[in-house]
1. For the range 125-145, check the following and say yes or no: at least one residue is in a strand (DSSP E or B), under 26 Å from residue 204 (Cα atoms) and within 19 Å of the chain's Cα centre (by Cα).
2. Mind counting the residues in the range 45-84 that are on the phi > 0 side of the Ramachandran plot and part of a helix (DSSP H, G or I)?
3. Tell me whether the range 21-44 contains one or more residues that are touching a strand residue (DSSP E or B) at 6+ places or on another chain (Cβ under 6 Å), in a loop (DSSP other than H, G, I, E, B), closer than 24 Å to residue 143 by Cα and at pLDDT 95 or above.
4. Would you be able to tell me the number of residues in the range 123-142 that are in contact with a helix residue (DSSP H, G or I) (Cβ under 7 Å, 6 or more places away or on another chain), over 23 Å from residue 180 (Cα atoms) and without any contact (Cβ under 8 Å) to a residue 12 or more places away in the chain?
5. Scan the range 143-163 for residues that are in contact with a helix residue (DSSP H, G or I) (Cβ under 6 Å, 6 or more places away or on another chain) and either crowded, with 16+ Cβ neighbours inside 10 Å or over 19 Å from residue 133 (Cα atoms) (or both) and jot them down.
6. Mind checking whether some residue in the range 113-122 is surrounded by fewer than 18 Cβ atoms within 10 Å (Cβ to Cβ), more than 15 Å from the chain's Cα centre (by Cα), in a helix (DSSP H, G or I) and at pLDDT 95 or above?
7. Condition check: surrounded by 15 or more Cβ atoms within 10 Å (Cβ to Cβ) and either touching a helix residue (DSSP H, G or I) at 6+ places or on another chain (Cβ under 9 Å) or at pLDDT below 95 (or both). Does residue 94 satisfy that?
8. Might you check whether a residue that is part of a loop (DSSP other than H, G, I, E, B), within 29 Å of residue 188 (Cβ to Cβ) and without any contact (Cβ under 8 Å) to a residue 40 or more places away in the chain occurs anywhere in the range 88-110?
């Protein structure tokens, strides 16, 4: 497997009192700079391509706070906003250098996308402990991912590395090094997300709900 070398470093937004005091200077919600655009046309998305709003998630499969978001908050977002056609969710990889398997797991998800199985693999990676190719092959069998093609892609293909480099460039451009981080905005019809808000950390559904509803989207 090809490696990128040291990934961009970041911090975890945590909920304990001690950690809140350490990160007190880091705001949870900020306005995106005027004119902030992110092309999401080639990134894995969930929900209608006709949705007016988009939530871009910058995440790490080994990050415990990302795992918590995937288990607790993401299903509520899907039920309330994505399944109703109001919101499209887009995923961007941000594997932190402090997580030894994060890059490997990102490669696995990227390679699964080539078999149209990104979201099943995405969910399985967040719900499982993966410590090597054997664990990944077990997950592939459970998610209808062809194991031979997946293994070859992860170990020898340049494609996952190229995607990861592009994702990390987006992370760097927007300065969203924390995991998880989110960018909320509107789709302009040309493949671009016009970003309005940055959301930092593993936030409760109420935070997302209030921001999305404030956009006055059509639909339910």
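The values are calculated or read from the model by the stated rules, or taken from the named source; none is laboratory data. Predicted model, so just to flag it, every value in this text is computed and none were measured. Reconstructed Cβ throughout: ideal geometry from the backbone, glycine too, with neighbour counts over all protein chains shown.
1. There is no residue in the range 125-145 that is in a strand (DSSP E or B), under 26 Å from residue 204 (Cα atoms) and within 19 Å of the chain's Cα centre (by Cα).
2. Within the range 45-84, residues that are on the phi > 0 side of the Ramachandran plot and part of a helix (DSSP H, G or I) number 0.
3. Yes: one or more hits.
4. 1
5. Of everything in the range 143-163, those that are in contact with a helix residue (DSSP H, G or I) (Cβ under 6 Å, 6 or more places away or on another chain) and either crowded, with 16+ Cβ neighbours inside 10 Å or over 19 Å from residue 133 (Cα atoms) (or both) turn out to be 143, 145, 150, 153, 154, 160, 163.
6. Scanning the range 113-122 turns up no residue that is surrounded by fewer than 18 Cβ atoms within 10 Å (Cβ to Cβ), more than 15 Å from the chain's Cα centre (by Cα), in a helix (DSSP H, G or I) and at pLDDT 95 or above.
7. Against the criterion (surrounded by 15 or more Cβ atoms within 10 Å (Cβ to Cβ) and either touching a helix residue (DSSP H, G or I) at 6+ places or on another chain (Cβ under 9 Å) or at pLDDT below 95 (or both)), residue 94 qualifies.
8. No, because not a single residue in the range 88-110 is part of a loop (DSSP other than H, G, I, E, B), within 29 Å of residue 188 (Cβ to Cβ) and without any contact (Cβ under 8 Å) to a residue 40 or more places away in the chain.
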